Amino acid sequence: MTKRPDNRKPDEIRPMEAEVGVIEQADGSAMFKVGDTIAMAGVYGPTNVLPRHMEDPEKAIIRSYYDLYPFSVPERKRPGPNRRSVELSMVIKNSVLPSIFLKEYPKTQIELYTNIIQANAGTRCAAISAASLALADAGIAMKDMVSSVAVGHYKDQVVVDINKEEEDIEGATDIPIAYMPRMKKITLLQLDGKLPNKKMKEVIELGIKSCEKVYEVQKNALKKKYQNMGE
Amino acid sequence: MVNKENFKKYVLELYEKNNRPDGRGLLDYREPIIIETGVSKNAEGSALVTIGKTKVICGVKLEVGEPYPDSPDEGTMIVTGEFTAMSSPEFEPGRPGEKAVELARIVDRGIRESGAIDVKKLCIKEGEKVWTVFIDVFVQNHDGNLIDASALSAIAALLDARFPKIEEDGRINYNEHTEKLPINKKPISCTVIKTGDYLITDPNFDEEDVSDARVTVITDEDGIINGMQKGGTAGVTKDEIYKCIEIGLEKAKELRKHL
């Protein structure tokens, strides 16, 4: 077994922190930190749909915008959307969508903003975990939380939550996963790299087990807010 | 939703009694004012400024670029400002609008004209290679007075910034940093709003929303004015301008203590 650069065990996620209500102007908001990756999420809505022709008479629509701050990465990213952020905005939306009772809010939109203020791999997963927390904080009717983490594969081993250093290892593969822990449904699965088919089961099992750990951190963040409210 | 007209009447009644919706005096800034530096590790310098509930984050990044032909031995700088849609229901996603561009240009002016950055020390090879300093200001939560909070975050991030290492082959190593950026001055922005006949500093979102005019004064520690911007739709008298400068100088001294 190859040692991980930061000496973590294969199933060890970097230290996590989560907090809700971090953006007072938003209807719901959250910060989710895993290792050196920090994601912020803000939710507005349900509100009227503009332009009107976008509205769905049956259910709410979600608008998702993901972005990296220019200074969040070692080589400055030009401000504004690019192909990567457009795709990630969509996969983040699709990851949280199955958890929301959209039919409770016909003819409305829910805006979901995720911003990365510091990046060290796993930003879409941190953004999804933050987004789901922010939706819950906004009081949107949900059937489950969505918890997310990436599983990695390099040097013939499967490890969870690879950091930038591991991501840059020759032949490293990144498999972001999002999961609804109560419904037991996977809502995001991507793979970038190479993975022998026989390893896939191990990847999924580790991903699900790890998302359940993320779920605990999310639950505690929500509980903490309401405990503090009682004081 | 608060009715704007009624709210304006209400604040004017309070202002007359030297009071405000949150109980502050007319020229008091909100408490606490918090400046946290090093909040984004991949930035050369960063700062999160909190004034009341307003939160602004600024990150400084350095790149090697070419100097301008008329200043071959000087580094360059650029400020961008984004009113993230996350930070307020007022803001829409997309390219920065005119208000965000105005804010970035006001912050830029204060830093540039005060000579806050010693640009000659950003020269690597005259006429060929200089450092470009990117100052990116992102609003996290908009509860008023974004100009002052943004200017404060920019100077705090600059004071926190260190040069990335240039390797022997000329490559920039962003994992290692060397000495601090040469910062000579600490320009501070103070924005005074005018509502009716009253002059107010550090308005929150609702107070700002019903204000008539705005005067921003940026001053350095020597009391030199480095930038001004009159905003809003109403006119101001010359005596009000003089008063704003007086207030600006006074408040800048207080705010500078937080750096």
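Structure values in brief
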read-out	value
Residues being without any contact (Cβ under 8 Å) to a residue 60 or more places away in the chain and at positive phi - total across the range B:4-55	2
Single match in B:ASP143, B:ASP169 (criterion: in a loop (DSSP other than H, G, I, E, B), acidic (Asp, Glu) and within 30 Å of B:GLU16 (Cβ to Cβ))	B:ASP143
Failed condition for A:GLU87, given (1) more than 10 Å from chain B (Cβ to nearest Cβ); (2) among the acidic types (Asp, Glu); (3) over 30 Å from B:ILE172 (Cβ atoms)	(3)
The range B:36-52 - residue that is outside any strand (DSSP E or B) and touching a Gly at 6+ places or on another chain (Cβ under 7 Å) and, of those, surrounded by the fewest Cβ atoms within 10 Å (Cβ to Cβ)	B:SER40
Subset tally (residues that are within 14 Å of chain B (Cβ to nearest Cβ) and of a type in the set (Asp, Glu)) for the range A:102-134	1
A:VAL91 being over 23 Å from B:GLU44 (Cα atoms) and buried (at least 18 other Cβ atoms within 10 Å of the Cβ)	yes
From the options B:LYS17, B:LYS9, B:LYS55, residue that is modelled with pLDDT of 95 or more, charged (D, E, K, R) and surrounded by 23 or more Cβ atoms within 10 Å (Cβ to Cβ)	B:LYS55
Criterion (buried (at least 18 other Cβ atoms within 10 Å of the Cβ) and modelled with pLDDT of 95 or more) met by exactly one of B:ILE241, B:ILE172, B:ILE224, B:ILE155	B:ILE155
Residue under evaluation B:GLU74, criteria (1) within 13 Å of chain A (Cβ to nearest Cβ); (2) surrounded by fewer than 24 Cβ atoms within 10 Å (Cβ to Cβ), criterion not met	(1)
Contacts under 6 angstrom Cβ, first residue in the range A:15-43 being away from chain B (no Cβ under 11 Å), partner in a loop (DSSP other than H, G, I, E, B) and surrounded by fewer than 20 Cβ atoms within 10 Å (Cβ to Cβ), 6 or more apart	A:VAL34/A:ARG14
Residue match in the range B:163-183 (condition: under 20 Å from the mean Cα position of the chain (by Cα) and free of Cβ contacts under 8 Å to residues at least 40 places away in the same chain)	no
Residue in the range B:19-31 that is in a strand (DSSP E or B) and either hydroxyl-bearing (Ser, Thr, Tyr) or touching a strand residue (DSSP E or B) at 6+ places or on another chain (Cβ under 8 Å) (or both) present	no
Counted residues, the range B:78-92 - those being among the aliphatic types (A, V, I, L, M), more than 9 Å from chain A (Cβ to nearest Cβ) and crowded, with 21+ Cβ neighbours inside 10 Å	1
Condition met for A:SER99 (more than 9 Å from chain B (Cβ to nearest Cβ) and among the polar types (S, T, N, Q))	yes
Filtered residues of the range B:231-257 (kept if assigned to a strand (DSSP E or B) and farther than 21 Å from B:ALA154 by Cβ)	B:GLY232
Qualifying residue in the range B:122-133 (condition: touching an Asp or Glu at 6+ places or on another chain (Cβ under 8 Å), in contact (Cβ under 8 Å) with a residue 40 or more places away in the chain, crowded, with 21+ Cβ neighbours inside 10 Å and within 23 Å of A:GLU111 (Cα to Cα))	no
Number of the exception - B:VAL215 against (1) out of contact with any strand residue (DSSP E or B) (no Cβ under 7 Å at 6 or more places or on another chain); (2) of a type outside the set (S, T, N, Q); (3) buried (at least 21 other Cβ atoms within 10 Å of the Cβ)	(1)
1 or more residues of a type in the set (Ser, Thr, Tyr) and surrounded by fewer than 22 Cβ atoms within 10 Å (Cβ to Cβ): qualifying strands (runs of 3 or more DSSP E) within the range A:131-231	A:147-154, A:173-180
Any chance A:GLU170 is of a type outside the set (S, T, N, Q) and over 17 Å from A:VAL96 (Cβ atoms)	yes
Qualifying residue in the range A:45-66 (condition: at the interface with another protein chain (Cβ under 10 Å from one of its Cβ atoms), β-branched (Val, Ile, Thr) and under 19 Å from the mean Cα position of the chain (by Cα))	no
Subset tally (residues that are within 30 Å of B:LEU122 (Cα to Cα) and either more than 14 Å from chain A (Cβ to nearest Cβ) or of a type in the set (A, V, I, L, M, F, W, C) (or both)) for the range B:22-71	19
Filter pass, B:GLU74 being more than 12 Å from the chain's Cα centre (by Cα) and assigned to a loop (DSSP other than H, G, I, E, B)	yes
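Rundown of residues vs (1) within 14 Å of the chain's Cα centre (by Cα); (2) among the acidic types (Asp, Glu), yes/no style:
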{"site": "B:THR54", "(1), (2)": "yes, no"}
{"site": "B:PRO67", "(1), (2)": "no, no"}
{"site": "B:THR84", "(1), (2)": "no, no"}
{"site": "B:SER88", "(1), (2)": "no, no"}
{"site": "B:GLU98", "(1), (2)": "no, yes"}
{"site": "B:ASP108", "(1), (2)": "yes, yes"}
{"site": "B:ARG112", "(1), (2)": "yes, no"}
{"site": "B:ASP136", "(1), (2)": "yes, yes"}
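The values are calculated or read from the model by the stated rules, or taken from the named source; none is laboratory data. Predicted, not measured: the structure shown is a model, and the values here were computed from it. Ideal geometry is used to build each Cβ from the backbone, glycine not excepted, and the neighbour counts take in all protein chains shown.
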